[in-house]
1. Where in the range 90-118 does the amide nitrogen come within less than 14 Å of the point 7 Å from the Cα of residue 135, taken along Cα to Cβ?
2. Whole Å is fine, so just give me how far the alpha carbon centre of the range 77-114 lies from that of the range 5-39.
3. Where does each of 145, 41, 164 land when they are ranked from fewest to most other beta-carbon atoms within 10 angstrom?
4. Relative contact order, percent, of the chain when contacts are C-alpha pairs under 8 Å separated by at least 6 residues?
5. Out of 84, 17, 151, any idea which swings most in a Gaussian network model of the chain, alpha carbons joined below 10 Å?
6. Report the label-to-label distance for residue 73 and residue 15 in nanometres (one decimal), using points 7 Å from each Cα along the Cα→Cβ vector.
7. Helix 4-22 sits at what angle to the longest principal axis of the chain, using alpha carbons and giving 0 to 90 degrees rounded to 10?
8. Which order do the peptides 88-94, 49-55 take when ranked by the mean count of other beta-carbon atoms within 10 Å per residue, highest first?
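Every number in this text was worked out from the coordinates using simple rules, so none of it is lab data. This one's a predicted model, so the numbers in the text were calculated from it and none came from an experiment. Quick reminder, even Gly has a Cβ in these numbers, built from the backbone with ideal geometry, and neighbours come from all protein chains shown.
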């Protein structure tokens, strides 16, 4: 089973994330809707989406990949995204440029590590808290899914921002 399309998607994601974030209007980086009903990702503002993706790459997937490669069937922790956001003060953050650059470096490291795997490495197993049994290949698919959730979250927020501007203009 090939994973080439998924690796290509992972490599392209930093540019997609930056482009989606660039579509956020000035002054809306830390904007939140009155209701989060229907959001396809965590309930994070546009900037918080970027910070979250960066942190989960490094503190989540880098650790999960390394443990899966070097330990025998490890238990991989799920990360409480909201606790991490509070601890790292996402609500007070202001620098998307730095976060996007840091994420780009981290993702380059991820893709390089995955591209160098031996064919047998893809079948290494772990237990992923909240997901159950997983292989290295499965973890890669979960990471790609996570990326897509956050692009969808940014698009959802852009729709909500647009709706709020229309509501304000017609009031």
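1. 118
2. 13
3. Ranking 145, 41, 164 by Cβ neighbours within 10 Å, fewest first, gives 145, 164, 41.
4. It comes to 36 percent, rounded to a whole number.
5. Result for the chain, Cα springs under 10 Å: 84 fluctuates most.
6. The modelled label-to-label distance comes out at 4.2 nm.
7. 20
8. Going by the mean number of other Cβ atoms within 10 Å, highest first, we get 49-55, 88-94.
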